[in-house]
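Every read-out reported here was derived from the displayed coordinates using simple, explicitly stated rules and does not represent laboratory data. In this text, all values refer to a predicted model and were calculated from it rather than measured experimentally. Cβ placement follows ideal geometry from the backbone for every residue including glycine, while neighbour counts extend to all protein chains displayed.
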Amino acid sequence: MPTPADLLPGTLDLLILRILELQPLHGVGIADRIDQVTHGVFVVGPGSLFPCLHRLAEKGWVEGEWGELESGRRAKFYALTGPGRSQLAKEKRNWQKVLTAMNQVLADGR
Amino acid sequence: MPWTTRIANTCRRWLHGERTERELDAEVQSYFAIVTERLMAGGLSREEAMRSARLELEGPEQVKEKVRQARMGFTIETAARDIRYAWRTLRGNSGFTAVAVLTLGLGIGANCAIFSLINAVMLRALPVEHPEELVLLTDPSESGVAMETTEHGIRRNLSYREFQELRLHNTVFSGLLAAQNDVSDVDVLPEGGSDSQTLRAHVQLVSGEFFHVLGVKPIIGRLFTPEEDRVPGANPVAVISYGYWQQMFAGNPSIVGTTVRVGGGVFRIVGVAPPGFKGILVGSDADFWFPITMQQQVLPGRNYLEPIDTLWLQVMGRLGPGMSLKRAEAGINVTFQQALRVWSAALPTERQRRLMREERIQLRPGNHGPSALRGEFADPLVLMMGAVGAVLLIACANIANLMLARATARQREIGIRLALGAARGRLIRQLLTESFLVAALGGTLGILLSIAGTHLLLALVSTGFDNLGLDVPRDSHVLVFTVAISLVTLLLFGLAPAIRGTRLDINRTLAANTRGTIGSRTDVRSGRLLVIAQVALSLVLVVGAALFVRSLSNLLAQALGYDRDHLLMVKLDPAAAGYKGPAAIALYERVREQLGGVPGVNSVTLSNTGLFDGDSGDHVSVEGSPVNDPEQLDSQWTEIGADYFRTLGIPLLRGREVNPSDMAQGAQVCVVNESFLHKFFAGMDAIGRHVTDMYPTTRETFEIVGVVADSKEHRPNEKRYPRFYSNIAHPIGTVKSVTYLLDTARNPATVVSAVRESLRKLDRNLTILSLRTVNQQIDRRLITQRVVADLGGFFAFVALFMAAIGLYGVMSYSMTRRTNEIGIRMALGASGRGVRRMVLGETLWMVAIGIAAGLPCAFAVARLISSRLYGLATIDPLSITAAISVVLISGVLAGYVPAYRASRIDPMLSLRHD
């Protein structure tokens, strides 16, 4: 199992938006999915997850709604909104740019 | 601006704080429950699972706190963004911003200044322990010494003897205190100082319990003890105020134990009162306090302590726990009546005995302390508050109009933003942020202006008072008031335009042209309504001011019955320089001769009171008069010296006046006025008859030697009243101070220094208490009326000016909107003059509606203030007509420029433009 890495600032927003693009999820579900898709590189605890979710909700990019799990427990499910979708697209493009630029820099230095 | 964001945050938390907090809690709980359940499914027990969840993750409380912080950061960020945006818009529109902020600042500043004074005079509690427990046994508005006087019914002042009785037999108060009901202006010579180091100070005599009952603690040394006012003359001690100690003794702590020479005694300073405590008389700060029993030493001359009818004290008590005002009043009156029964036995007539026994003490809440100033200024201040309130409303209407016009001008911008999906609430918030900034700037400017304004007001008022020392603190009352009115103005001028501005039909707005047709008719209509309200309000203010100005000029124009312009008054205190009895009477003529020798002085006389400075009246008996109803037998009196009527220029109708030989012999002669002759002799000859002044303790009889015309010597609105002028060389009772009246050939002010010099030559110890022309003295008596008239006039002018600006603004705006309508009219043959008349007509129509709406209010206000007006009918036609004309003229002036501009529109240009 790979060791957890530090998240770059701003990447958690992008990560969450991307994960919610597929389906609405509750807090634990989002944390699990992040663990799963990054193969354990990023481990996100509730202390980072919830502030980020609420910030995204305040900006109107995600929306929370109470629902029920199979176990019957109630949890808040977050879903991507319209503005959230366009924000995700914007951030994806931005990320590509950053990535390309960074890769170039790092490749040149080799 | 961190405080603006803090306010914004607090508002948000109020709006939806609690629900969010509950939701957050449920959400975090649910997260931890899910994690715990999963761990339990992996084989852990519930406790182990919970512990491990907490160890692995952060605690739920930390998580919630982090969320709160994140959210707060977001709010701060948007609020800050709104403010930055608003600031940019305001700066980009600096003309609008300057006008709005300045208007608002003036309005808020005036309100704040008047309110600061109301707060200082009427609202502030004394800076003592539990002021709410204090009650007054005397009338808080009384001041000065009333000597050999009887007050019937509810008592206003108390004598020291009465206070002693109340204190001795007190069962209802946890403590009683007495204080001189004024401060005295005296010379104070610090220990080891030479004569040139004499200081002037305001001193107050107080009972020994004074500080203790108030709960005031010294910052150095000690304050008085109750034992210090038991034996007259036995306790030469003094307490100094913190302010005076700082100012005159540089706060030197070694002052305690040193001595000061005051009046006829040397006093050891035993302590310094705490900062902020300036005595109990609001408006008359004390620098030194002395024990009441030291009266003869501090204020030499008359004995105030012995007589039961020298009324000069304010008495306060502290209610014990559980004692009600009513029970205390009943209790203290039992004590008071017992004393009165004993004293009344010594009175000569049954009527006097009955009147004395019927005297009562009324308790009043004492938390604000006594204040002569309050009685004088409470009503005018409330009146002025109303006036400045109206000015602020007018200012708000102006800003609201500007905002409306701006919102209309920005409709395109707002329409585009709405079309792009901006939330309406967000836009309203942004527009409100702009208004908020304007209100905040206006409020800040207002506070600055109010500081200057308060000083100005105090300076205006203080010319009418000898010992005005009013502390005008900027305390929490004033702060809350300022913030509150700033917020109210914000709602008044900010909310409606913001809501209206964002309620748009997007398609229409975007489809419309940029010029000409934007802005619905309702915008102009609401602007016009605002202007009509402004005109109405300003009419009310102008009418009010006109009434006060007319009343004052009536008072000033009163024919007094003599020529006042050439008269100078010099008030002297012979008793303080050691002249008593026959020595004082001998001095009167010497001073008269001395002053008669000053170049530019035609003639000199003297009286006990001078003009417009206190008056006396008493029961009399008149020999040979058909009037014998005891209720009718009273007259005013003045003690005069030789040449009184010649100097003043009051016509002598019959007989002669008091002359120098009467003075020399102390002859028992007097002169009566016409009213006296009519009342007591029905026009018969009175020369040779006798008048007896009936005092409770003394009687003096005078032979009438002359009759003079009636005159007004003490109040400009004095009624004709019987008066006799007796020879001052045969005094009624004891004469305290005397006032010389000088008839000067030139302007009386030019001989002032020569008069001072000449008196110094005669006796350098002779104190000049005051030196004024009669006109200055009249001005002092009329200071309240003058200030009310001046301020009323000023505020009315400001109101009218703002209303005119409002009128101008609305008409100009409406003209730009109607450019092509007017263009068409002119193209169809309307003349420039016709257009001018049309536009001016519209303006005057609004003014007329405003006047019609304002008149009933103006009448109501006139009725409300009628008791303060002199020589005017309730509805004074001249004031009303003048006010209406002034408002109409302002309307014409305001409407002329837009009308002129409209008439210069080039029809071709304006039509092509669209």
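At-a-glance table
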item: Radius ratio Rg over Rh of chain B, counting only Cα atoms, Kirkwood formula for Rh; result: 1.09
item: Cα pair distances in region B:738-892, grouped into 10 Å bins until the bin that holds the longest one, percent each; result: 8, 23, 19, 15, 14, 11, 6, 4, 1, 0
item: Fewest-first ranking of B:865, B:292, using other Cβ atoms within 10 Å as the exposure measure; result: B:865, B:292
item: Average other protein chain Cβ within 10 Å of Cβ, residues A:27-33; result: 3
item: Burial order of peptide ranges B:803-812, B:379-388 (average beta-carbon count within 10 Å, highest first); result: B:803-812, B:379-388
item: Chain B: relative contact order as a whole-number percent, Cα under 8 Å and 6+ apart; result: 14
item: Within chain A, helix-based [θ] at 222 nm, where runs of 4 or more DSSP H residues each add -39,500 (n - 2.57), nearest 500; result: -19500 deg cm²/dmol
item: Distance between region B:585-616 and region A:28-63 - C-alpha centres, whole angstrom; result: 98
item: For B:99, B:672, B:63, order by how many other beta-carbon atoms lie within 10 Å, fewest first; result: B:99, B:63, B:672
item: Residue-averaged beta-carbon neighbours from other chains (10 angstrom radius) around B:29-37; result: 5
item: Residue-averaged 222 nm ellipticity for chain B, from DSSP H runs of 4+ at -39500 (n - 2.57), nearest 500; result: -17500 deg cm²/dmol
item: Hz values of 3J(HN,Hα) by residue in region B:718-725 - Karplus curve (6.51, -1.76, 1.60), Gly and Pro given as x; result: 5, 7, 5, 8, x, 8, 10, 10
item: Area projected by the alpha carbon convex hull of region B:823-914, averaged over all directions, nm²; result: 7.5
item: Which of B:96, B:336 has the fewest Cβ neighbours within 10 Å, and the rest in rising order; result: B:96, B:336
item: Gyration tensor (alpha-carbon) shape descriptor, region B:73-214, a/c threshold 1.5; result: prolate
item: Rounded to 10°, Cα long-axis angle of helix B:582-596 versus longest principal axis of chain B; result: 70
item: Once exposed loop GluC sites (Glu not before Pro) are cut out (DSSP; at most 14 other Cβ, 10 Å), longest piece of chain B; result: B:632-914
item: Alpha-carbon Debye profile of the protein assembly as shown, log10 I(q)/I(0) at 0.08, 0.10 Å⁻¹; result: -0.99, -1.24
item: Distant-in-sequence amide H partners of residue B:767 (H built 1.01 Å from N, under 5 Å); result: B:573, B:577
item: Order by protection proxy (mean Cβ within 10 Å, highest first), peptides B:108-117, B:853-862, B:600-609; result: B:108-117, B:600-609, B:853-862
item: Principal-axis tilt of helix B:424-462 within chain B, Cα atoms, nearest 10 degrees; result: 10
item: Flagged links, alpha-carbon separation over 28 Å, of B:571/B:679; B:712/B:736; B:278/B:712; A:59/A:97; A:92/B:64; result: B:571/B:679; B:278/B:712; A:92/B:64
